[in-house]
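Heads up, the thing below is written out as structure tokens.
Only the coordinates and a few stated rules stand behind these numbers; no lab work does. Being a predicted model, the structure only gives us computed values, none of them experimental. Cβ coordinates were reconstructed from backbone atoms using ideal geometry, including for glycine residues, and neighbour counts include every protein chain displayed.
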Amino acid sequence: MATLRMREALRDAMAEEMRGDESVFLMGEDVGVFQGAFKVSEGLLDEFGERRVRDTPISENTIVGMGVGAAMAGLRPIVEIMTVNFSLLAMDMIVNHAAAIPYMFGGQVRVPLVIRMPGGGGHQLGPTHSHSFEALFLQIPGLLVACPSTPADGKGLLKAAIRDDNPVIFIEHETLYGSRGEVPDGGDHYLDFGEAAIRREGGDVTIVGLLRMAETAQQAAQTLANEHGVEAEVIDPRTLRPLDLDTILESVAKTNHAVIVEEGWPHGGVGANLAALIQEQAFDALDAPVQRVTGADVPMPYSKRLEQAAMPHSEHIVSAALASLEGSV
Amino acid sequence: MAQSKSSAATKKKASGSADGGSKAKPELPSKKESGELLETMMVIRRFEEEAGRQYQKAKAGGFLHLAIGEEATIVGTTSVMHEDDYLIGTYRTHGHAIARGTDPKRVMAELFGRVDGTSGGRGGSMHIFDLERRFMGGYGIVGGTLPLAAGLGLASDYRGEDTVTVCMFGDGATNTGNFGETMNLAALWKLPVVFLVENNLYGMGTSLERHSAVTNLSEKASCMGIPGERIDGMDVLAVRECVAEHVRLAREQREPTLVEAFTYRYRGHSAADPEIYREKQEVEEWQRKDPIESFAGRLVSDGAIDEEEIAAMRERAEQIVLEAVAFADASPEPDLDSLYDHLYVVGEQVPGWYAVDERSPDPHPGEEERRAGERAQELAERGAAYAGPGASRRREAGGDHPDPDARPEDVA
């Protein structure tokens with residue numbers, strides 16, 4: 001095991017796959033000479049050269065579309081979008097093309113494309129650089145959606161995504177790029193999509209948190225244990241499409257209480273979807289309504305004070321868990 | 001709307017044959033090749049006429065965009081492409097697929113939404129696709145093909161192959177953001193792509209001078225480093241000669257270019273178009289330059305092919321199209337249980353069953369109309385497969401996901 005930062009783990013994932021497969025290449029805005037806006041592609045241009053690490057103009061829809069075209073012709077492109085907000089400029093290529101092409105052409109062609117993008121708030125970047133769009137991509141049939149929270153998961157899921165024959169939306173979190181974690185040595189660390197991780201075991205309440213909120217949920221669980229005598233089970237879904245619903249339902253069957261935490265907006269969010277699934281499939285197991293902790297229903301404000309107020313924190317999760325337990329019927 | 005009628009200026013421009021007049025008439029190709037050009041145009045014409053009829057009979061659904069009048073641009077272009085070159089086009093591409101060699105039966109079956117259609121009934125008229133003949137699709141999003149074409153070109157370039165991508169799109173697409181983005185990237189990266197705008201003078205019902213500030217579309221990408229040439233798209237030989245040169249530039253010199261073919265669709269934008277934006281007289285003017293009649297006339301007057309041979313071609317085209325209709329009509333509707341097929345590729349590299357729909361298998365309120373007896377229940381249960389401990393069991397039980405060995409060969 002080596003201790004790596006998330007950005008290093010992601011870089012290693014790309015470098016290892018590029019070494020092993022000539023058809024894998026990276027393109028995006030400032031991924032080469034600049035080494036990535038968040039330094040995720042550091043060193044890749046030096047190792048692989050301009051043919052395989054391609055700086056592009058600021059043309060999101062066309063960059064993603066070229067990735068789709070190149071993938072249809074048999075390559076395995078990785079396209080980096082500088083932040084999830086910019087991915088909206090490429091939604092036509094993501095939804096109308098990448099996700100639809102294998103289906104609408106009757107399986108004649110595959111789109112083995114990975115679109116990486118970082119999101120999330122906390123850096124005072126205001127309403128155009130700070131959002132969380134997991135729910136937008138979660139809704140689209142034809143896509144796979146990954147949202148890793150640890151360096152080991154980042155590496156294992158990205159390597160798996162590059163080898164996958166489906167278009168993958170790979171969502172990273174800006175705040176997590178610098179976080180450290182143990183990463184298995186060697187080049188064969190691949191994680192299956194659709195396998196949640198149980199970050200902490202507990203029998204009183206199930207807390208599902210993704211991306212940075214997986215970490216915040218664990219802090220909340222610690223507080224619940226220390227200050228309230230409540231043992232929370234924390235689940236990180238790691239991928240949203242496919243979703244490991246079984247692990248979540250099994251936990252809820254044990255705890256009878258569920259809290260879902262995400263940075264994104266409340267309406268039509270990841271939590272809204274998951275709450276519906278839990279009540280559809282585990283209604284009898286629930287002792288209280290499913291609680292959601294989400295970002296505030298506003299474009300992300302700039303002011304540090306307002307921005308922090310718009311994001312979920314450990315205290316919100318603790319309150320939601322306690323409310324769920326108190327609300328038992 | 002009165003101002004929606006096309007102006008006299010456009011008509012004048014449109015009825016001039018670009019700069020075709022100043023050039024010497026292109027030489028006729030061999031008798032065999034000339035015959036093939038003519039007959040392919042005839043097949044496309046008859047196919048489109050028949051598709052229109054079948055649409056009226058509600059055999060084909062959705063939107064139907066016919067390319068009647070544009071045959072010379074299509075056939076002239078495909079006739080100079082290599083077998084392994086890529087062609088990519090718009091939602092008006094029944095003829096493009098046929099010209100690339102796709103069996104008209106399979107195109108008609110796709111229009112009918114049947115299992116033997118090019119996409120097994122998942123795409124429809126706007127989304128014809130034939131990987132084997134490297135016809136990389138019809139697409140329903142105006143301008144959507146441009147980035148994809150650049151991506152195909154990038155793949156050829158990346159692998160050091162000399163394949164060329166020809167990207168055909170309408171005049172309306174030159175106003176999309178993709179046009180600017182893609183032209184810049186293609187020129188910047190010297191991608192082997194020929195961009196060919198089938199300028200039929202209307203973006204749906206909006207005439208060229210009402211939708212584009214620059215009406216000489218061949219110049220529209222020059223500021224992005226893409227030179228252009230304007231040709232008479234009603235003259236199959238002029239198209240052929242011009243596109244051959246641009247394909248050569250792309251193949252040998254990695255010079256992407258823009259060809260503007262002046263052409264015209266006799267029918268409306270789609271079958272649901274009342275055509276209030278143009279005069280009947282304008283359509284008739286263009287019909288006098290009909291690509292099939294004019295080429296047939298030239299072949300006869302040059303003594304290359306006689307009237308009898310032309311009549312035989314018409315008869316063959318008729319037969320091909322009638323057989324296509326019969327084939328499409330006889331082809332079964334897709335099975336309900338194929339609904340989720342081809343949504344995901346289940347690869348060997350990364351084991352896992354990809355969720356299609358995580359909802360519970362029971363019918364949901366408001367979804368009763370989807371029920372078709374037990375089949376719907378089975379479907380819902382299959383659809384409810386999600387990754388997890390039960391995945392391998394479901395995978396064994398499933399059996400309808402694509403066999404990785406049966407996939408079309410990777411072109412890498």
Rounded to two decimals, the Rg over Rh value of the range B:181-240 from Cα coordinates and the Kirkwood Rh reads 1.00
Semi-axes of the equivalent ellipsoid of the range B:58-109: what are they in whole Å, largest first, if each equals the square root of 5 times a C-alpha gyration tensor eigenvalue?
21, 13, 9
Ratio for the range A:50-162, C-alpha Rg to 2.2 N^0.38 Å, reads 1.08
Order these by the 10 Å Cβ neighbour count, fewest first: A:F48, B:F129.
A:F48, B:F129
Give the aspartates and glutamates reachable from B:K105 as a straight Cα distance under 16 Å; neighbours fewer than 8 places away on the same chain don't count.
B:E48, B:E49, B:E50, B:D116, B:D130, B:E132, B:E318, B:E323, B:D329, B:E333
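Could you list B:V75, B:V115 so that the one with the fewest beta carbons within 10 Å of its beta carbon is first and the one with the most is last?
Final ranking by Cβ density, sparse to dense: B:V115, B:V75.
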Given bins 5 angstrom wide, list per bin the percent of all Cα-Cα distances in the range B:171-216, short to long.
5, 21, 27, 22, 14, 9, 3, 0
Per residue of A:270-280, count partner chain C-beta atoms within 10 Å of its C-beta, then hand back the mean as an integer.
2
Among A:8-15, B:243-250, B:277-284, what's the highest-first ranking by average C-beta atoms within 10 angstrom per residue?
A:8-15, B:243-250, B:277-284
Descending semi-axes in Å of the range B:215-270, equivalent ellipsoid built from Cα gyration tensor:
22, 15, 9
Using a 10 Å cut-off on Cβ atoms, rank the peptides B:136-144, B:325-333 from the highest mean neighbour count down.
B:136-144, B:325-333
Stokes-Einstein diffusion coefficient of the protein assembly as shown, Kirkwood radius over Cα pairs, 25 °C, 0.890 mPa s, in µm²/s:
89
Per residue Cα convex hull volume in Å³ - calculated over the range A:62-115:
60
Mind checking A:236-246 for the average number of partner chain beta-carbons within 10 Å of each residue's beta-carbon?
5
Remind me, relative contact order of the range A:197-326 in percent, using alpha carbon pairs under 8 angstrom and six or more residues apart?
27
At q = 0.06, 0.08, 0.13 Å⁻¹, what is the base-10 log of I(q)/I(0) for the range B:22-330 according to the Debye formula with one equal point scatterer per Cα and no solvent? Please give it to two decimals.
-0.18, -0.32, -0.90
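For chain A, what is the Kirkwood hydrodynamic radius in Å, using each pair of distinct C-alpha atoms? Kindly include the intermediate steps, with their values, before the conclusion.
On the way: mean 1/r = 0.0498 Å⁻¹.
After inverting the mean inverse Cα-Cα distance, the result is 20.1 Å.
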Note: A:T3 to A:S303 extended length (0.36 nm per residue) minus current alpha-carbon separation gives 104.6 nm
To the nearest whole percent, what portion of all C-alpha pairs in the range A:229-282 is separated by more than 16 angstrom?
41
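Nearest 5 percent is fine: what portion of the DSSP beta bridges confined to the protein assembly as shown is antiparallel?
Here the antiparallel bridges make up roughly 20 percent for the protein assembly as shown.
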Reduced to Cα centres, the span from the range B:173-195 to the range A:78-105 in Å works out to 18
Distance between modelled label sites at A:S328 and B:S338, nm, 7 Å Cα→Cβ extension
5.3
For the range A:1-119, what is the largest minus smallest coordinate of the Cα atoms on each principal axis, given in angstrom and ordered from greatest to least?
43, 30, 28
Give the order of B:R159, A:R305, B:R92 when sorted by the count of other beta carbons within 10 angstrom, beginning with the fewest.
A:R305, B:R159, B:R92
Which number comes out as Rg/Rh for the range A:174-224 once both Rg and the Kirkwood Rh are worked out on C-alpha atoms?
1.01
Would you mind computing Rg(Cα) / (2.2 N^0.38 Å) for the range B:21-68, counting N as its residues?
1.68
Debye intensity ratio in log₁₀ form over the Cα atoms of the range A:167-281, taken at each q of 0.16, 0.17, 0.18, 0.20 Å⁻¹
-0.80, -0.90, -1.00, -1.20
Peptides B:193-199, B:173-179, A:275-281 ordered by average Cβ neighbours within 10 Å, highest first:
B:193-199, B:173-179, A:275-281
Starting at 0 and stepping by 5 Å, how many percent of the alpha carbon pairs of the range B:79-215 end up in each bin?
2, 11, 19, 20, 18, 16, 9, 4, 1
Shielding score for A:69-81, defined as the mean number of other chain Cβ atoms within 10 Å
6
